[in-house]
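**Student:** First the structure, then my questions, so here it is.
Nothing in this text is a laboratory measurement; each read-out follows from the coordinates by a stated rule. Everything numeric here is computed off the predicted structure, so don't read it as measured data. Cβ: placed from backbone, ideal geometry, glycine included. Neighbour counts: every protein chain shown.
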Amino acid sequence: METILAITVGAFFAASIYLMLSRKLVRVLMGIAILGNAVNLLIFTSGRLLREVPPIIPAHAYVPEAITANPLPQALVLTAIVISFSFFAFFLVLGYRAYQELGTDDMLEMRVAEPVNEPEPPLGY
Amino acid sequence: MAATKTGVDIAAAMITHPTAAADWLLVAPVLLCMVGGATTLILRKNVRIQPLVGISLLALLVLTNLGLFAHVWQNGVVTMVMGQWLPPFGIAFTADALGVTLALIASIVGLLAGIYAAGSIAASERRYGFYPFLFMLLCGVSGAFLTGDIFNLYVWFEVLLISSFGLLVLGNTTLQIDGALKYALLNLIGTTLFLIATGLLYGLLGTLNMADIALKSRALGDSGPLLGISALYFLAFAMKAAAFPVNFWLPASYHTPRIVVSALFAGLLTKVGVYALLRVLVLLLPAGHNWMHGLITVVAIVTMLTGVLGALAQADVRRTIGYLVISGIGSMLAGIAVGSEVALTGAIMYAVHSILAMTALFLIFGITGKDRGTFNLRELGGMYRRAPLLSAATLILLFAAVGLPPFSGFWPKVLLVDGALAAGQGWLAGTILLASILTAITVGRIWIFAFWRGGPEGIADGTQGVETGPEAMPLQVPFTAWLPLAVLIAMIFWLGLQPEGLMQLAETGAHTLLDPTAYVQSVFGVTP
Amino acid sequence: MNTVIFRTVAPFLTALMLLFSVFVLLRGHNEPGGGFIGGLIAVSAFAILGIACGVAAVRRALVMHPMSVAASGLLLAVASVLPSLFKSQAAMTSQWLEFTLFDTPIALSTPMFFDIGVYLVVVGAITSIALSLEERESD
């Protein structure tokens, strides 16, 4: 199971890096979304896998009665999902605004903050 | 509760001895920032009262950090574990000399930025959330400096990242959106790399508590996975700190927001990256630190040189200062690369100096930029005649940025060069000095063109520029602008004349990083 | 989307979903559920109302601005951290208040108030994002 998940994580990373290398903003955003999922899967896998035993302590006990799945990676993944979800929402709005303002979704043409022909500073004293 | 009924030994999982009220100072900065953020958010429509409440809460934050500082000064490293859980299970907050010093300086800079913003940020932008974002930024920064848990460090990074996005687009101009897009994308990738490394580290060691990691990674020695994780951490934090090959988001974005936001970013954000490098590479993963020694040295040298050469090539003073921030990061990396106690002391002192000096420089050019409506060096000029005191203050700051005595930039550079020479790294020491000379050329040009000469380009020298009109009037500097500047310059002066206190602090911080006994003892109670 | 059936049903659906979100919030104390997921359910309730009756109706129904809701949730969460200070315990240690009201044993705890704070933060923050996105569509 770990092997399959490891290969999946690798495929996710490959896809996201390929997309993020694109010049088009939308593809970069897709890449970011996939990157977040790749990391979540990675954390989940690195916390060791165990099938079908939820880490819930029964009402009558104070400690788990048998070996359960590791709850910590689940907590970490939940935090990471919340964060990547809110960031992705922010990026969608920012990307849309950038497209409206700059009239392009090509990263190479977004040169407002760093113009192509920047004036030189005064040379010499 | 009903533990005795079930026969479960609570003492095996939870702390049973009482927590001193003074230990609450550890979480107080973070809680106070949250309260401040919430209060200013509720008050956002009341543009008259909101800055007053914000500034008084920021002042309270500084006092709280002073209290924490005194607590750590007296008792050494202090720890509090959330919810009484025994470490390494609970999330620990651990403050050592390094973290608490930086948290204190950060809160002071936050207070000064809050005061400056009261006079410079438009009411509509205050309603849009300047103060709430400022508080959340400080919340993230204080949390990052004080936490003792590596996943918690990631969460604080995200808190400060998302509030920095909010601050960056305050004003909503095309320029800002272009800058914010690049800043946001690259910084998010940086923190995601941090998360990847943390996931792998958890898989390897099974713990997230920093003291526990420090012990287990030392026990593991030179293992391949550990070295790979260290390399990932280095890449992630180098991105946050703006080290050479991964620093192009900084000059693309730092000149776009409101000037007080630029000042905050230049002061705080990259230093959080440096702090994380110190904490993770030196304290947690010394094997990886030793292994990457050569790489860090090369990165430090190239960052110092490209930073200052980039500064030389810019016409916009804000971009020049942005590149000077990068060059300073190179100096701090040089300290990390050498890794001896002297060099790390120098790096920590340089971080403090850089926070103060870079914030103050941005604030100064905020004043001149607001007056002239431009940041282009060709169009500035004639400031000396109109504002001699401000010009003198700028000269002090620029000298401090170069590292001339008697200002705060001098001692860190002495320690860094001393540490590099003691470690037999003459090249590194030489580069630090060369970068200082090039910085002197850059800042000399800024001062001569923006302040000393008679007027903007086109006015012949010696004619004293424009004799009448608004151009000839003395520059009016509002109270909200000169007070923060005066405080920053006084601190820079004081740290140059009386560096012993800071040096002792930085030395304690560096010692705790290299020898984690005190840190581990504070978290686990006894020597394990 | 703006059919008569939808407009008639939406307020009832919203009320039901809000009730369910509170149920999920309180259930989260001992069983699956909690403030975050409860908050998301409440946000979807407001989003449905916004689609059916317009954003202005939602803003009127909420009375407070969503960001103020989020801010008060943050304040509540911070306040729920503090009680353990007075019992010389570490931050976020859970404190319990157990009493009997009309022969019903009731146990109040600080984690529950923290969860309610989280619920309010999620409701406020995400509702304000959702409403601003819905507003943009209409213009």
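**Student:** Taking θ as phi - 60°, what are the ³J(HN,Hα) couplings along the stretch B:117-132 by the Karplus curve (6.51, -1.76, 1.60), each to the nearest whole Hz, with x for Gly and Pro?
**Tutor:** 5, 4, x, 10, 8, 5, 4, 5, 6, 5, 5, 6, x, 4, 5, x
**Student:** Sort out the exposed loop GluC sites (Glu not before Pro) in chain A (DSSP loop, at most 11 other Cβ within 10 Å) and tell me the longest stretch that has none. Could you put the intermediate results ahead of the total?
**Tutor:** Numbers: sites that count: A:Glu52, A:Glu65.
Segment A:66-125 is the longest.
**Student:** Suppose every Lys and Arg Cβ carries +1 and every Asp and Glu Cβ carries -1, with no other charges. What dipole size does the protein assembly as shown come out with about its Cα centre, to the nearest 20 debye? Don't skip to the end; give the middle numbers.
**Tutor:** Details: 36 positive and 39 negative charges, 191 e Å.
Dipole magnitude for the protein assembly as shown comes out near 920 debye.
**Student:** Can you tell me the orientation of helix B:28-42 relative to chain B, as the angle in degrees between its alpha-carbon axis and the longest Cα principal axis, to the nearest 10?
**Tutor:** Tilt relative to chain B: about 50 degrees.
**Student:** Further, regarding this structure: Using a 10 angstrom Cβ neighbour count of at most 12 plus a DSSP loop assignment to flag exposed trypsin sites (Lys or Arg not before Pro), which longest range of chain B is free of such sites? Walk me through the numbers on the way to the answer.
**Tutor:** Working: sites that count: B:Lys45, B:Arg48.
Value returned for the longest uninterrupted segment is B:49-528.
**Student:** Can you tell me, using C-alpha contacts under 8 Å and at least 6 residues apart, the relative contact order of the stretch C:4-138 as a whole percent? Could the numbers behind the result be given before it?
**Tutor:** Details: 185 pairs, mean separation 39.6, N = 135.
Relative CO of the stretch C:4-138 lands at 29 percent.
**Student:** Where does chain C land at 222 nm, in deg cm²/dmol rounded to the nearest 500, when only DSSP H runs of n ≥ 4 count, each adding -39500 (n - 2.57), divided by all residues? Kindly include the intermediate steps, with their values, before the conclusion.
**Tutor:** Details: 5 runs with 96 residues, N = 139.
After summing the helix terms and dividing by residue count, I get -23500 deg cm²/dmol.
**Student:** At a threshold of 8 angstrom on Cα-Cα distance, excluding pairs fewer than six apart, so keeping six or more, what relative contact order does the stretch B:292-518 reach in percent?
**Tutor:** On the way: 338 pairs, mean separation 60.3, N = 227.
That works out to 27 percent.
**Student:** Moving on. Evaluate the relative contact order of chain B (contact order divided by residue number), counting alpha-carbon pairs under 8 angstrom at least 6 apart; express in whole percent. Working shown, then result.
**Tutor:** On the way: 869 pairs, mean separation 79.1, N = 528.
Relative CO of chain B lands at 15 percent.
**Student:** To continue, here is another question. Taking the convex hull of the alpha carbon atoms in the stretch C:4-138, what volume per residue do you get, in Å³?
**Tutor:** Each residue corresponds to 129 Å³ of Cα convex hull volume.
**Student:** With charges set only on the Cβ (+1 for Lys and Arg, -1 for Asp and Glu), what does the dipole of chain B come to about its Cα centre, in debye to the nearest 20?
**Tutor:** Result for chain B is approximately 1060 debye, rounded to the nearest 20.
**Student:** Next question. Please list A:78-90, B:305-317 highest first by mean number of surrounding beta-carbon atoms within 10 Å per residue.
**Tutor:** Working: A:78-90: 17.3, B:305-317: 20.4.
Listed from highest to lowest mean packing, they are B:305-317, A:78-90.
**Student:** Give me Rg over Rh for the stretch B:140-272, both radii from the alpha carbons and Rh done the Kirkwood way, two decimal places. Could you put the intermediate results ahead of the total?
**Tutor:** Details: Rg = 16.2 Å, Rh = 15.7 Å.
Using Cα coordinates only, the ratio equals 1.03.
**Student:** If you don't mind, another one. What Cys residues in the protein assembly as shown have no fellow cysteine's beta-carbon under 4.7 angstrom?
**Tutor:** So, C:Cys53.
**Student:** Further, regarding this structure: Quick one: angle between helix A:25-46 and the longest Cα principal axis of chain A, in degrees between 0 and 90, rounded to 10, please.
**Tutor:** 30
**Student:** Answer with one residue from C:Thr104, C:Ser80, C:Met17: the one whose Cα lies farthest towards the positive end of the charge dipole of the stretch C:4-138, charges on Cβ with Lys, Arg +1 and Asp, Glu -1.
**Tutor:** Of the candidates, C:Met17 comes out farthest on the positive side.
**Student:** Could you please report the charge total around A:Pro119, scoring K, R as +1 and D, E as -1 over all other residues with beta-carbon less than 10 angstrom from its beta-carbon? Spell out each step's value before the answer.
**Tutor:** Values: positive: B:Arg378; negative: A:Glu118, A:Glu120, B:Asp316, B:Glu379.
Counting the neighbours of A:Pro119, the net charge comes to -3.
**Student:** For the protein assembly as shown, evaluate the Debye formula with one uniform point scatterer on each Cα (no solvent term) and list log10 I(q)/I(0) at q = 0.05, 0.06, 0.07 Å⁻¹, rounded to two decimals.
**Tutor:** For the protein assembly as shown, the Cα-only Debye profile gives -0.26, -0.38, -0.52.
**Student:** Under the classification rounded if a/c is under 1.5, otherwise prolate if a/b is larger than b/c and oblate if not, where does the stretch B:1-99 fall, given a ≥ b ≥ c as square roots of the Cα gyration tensor eigenvalues?
**Tutor:** Values: a/c = 3.71, a/b = 1.81, b/c = 2.05.
The shape class here is oblate.
**Student:** Sticking with this one: Take peptide C:88-99, look around each residue's Cβ out to 10 angstrom, count Cβ atoms belonging to other protein chains, and average those counts. Mind dumping the intermediate values first?
**Tutor:** Numbers: counts 7, 8, 18, 15, 9, 9, 3, 0, 1, 0, 1, 0.
Per residue, the number of nearby Cβ atoms from other chains is 6 on average.
**Student:** Find the eigenvalues of the gyration tensor of the Cα atoms of the stretch B:292-518, then list the square roots of 5 times those eigenvalues as equivalent ellipsoid semi-axes, largest first, in whole angstrom. Don't jump to the answer; show the numbers that get you there.
**Tutor:** Numbers: eigenvalues 256, 71, 30 Å².
Those come to 36, 19, 12 Å.
**Student:** Would you work out which of B:Ala315, B:Trp427, B:Gly455 lies farthest towards the positive end of the dipole of the stretch B:292-518? Charges go on Cβ: Lys and Arg +1, Asp and Glu -1.
**Tutor:** B:Gly455
**Student:** Report the local net charge at B:Leu438: Lys and Arg +1, Asp and Glu -1, summed over other residues whose C-beta lies under 15 Å from its C-beta.
**Tutor:** Working: positive: B:Lys413, B:Arg445; negative: none.
Summing Lys/Arg as +1 and Asp/Glu as -1 gives +2.
**Student:** Follow-up. Scan around B:Gly339 for amide H atoms under 5 Å from its own, H built in the peptide plane at 1.01 Å from N, and keep only partners 5 or more places away or cross-chain.
**Tutor:** For B:Gly339, whose amide H was placed from the backbone, the distant partners under 5 Å are B:Leu344.
**Student:** A follow-up question, please. Count charges around C:Ala91 for me, please; just the other residues with Cβ under 14 Å from its Cβ, Lys/Arg as +1, Asp/Glu as -1. Let's see the in-between values first.
**Tutor:** Values: positive: C:Lys87; negative: B:Asp23, B:Asp149.
Computed value for this residue: -1.
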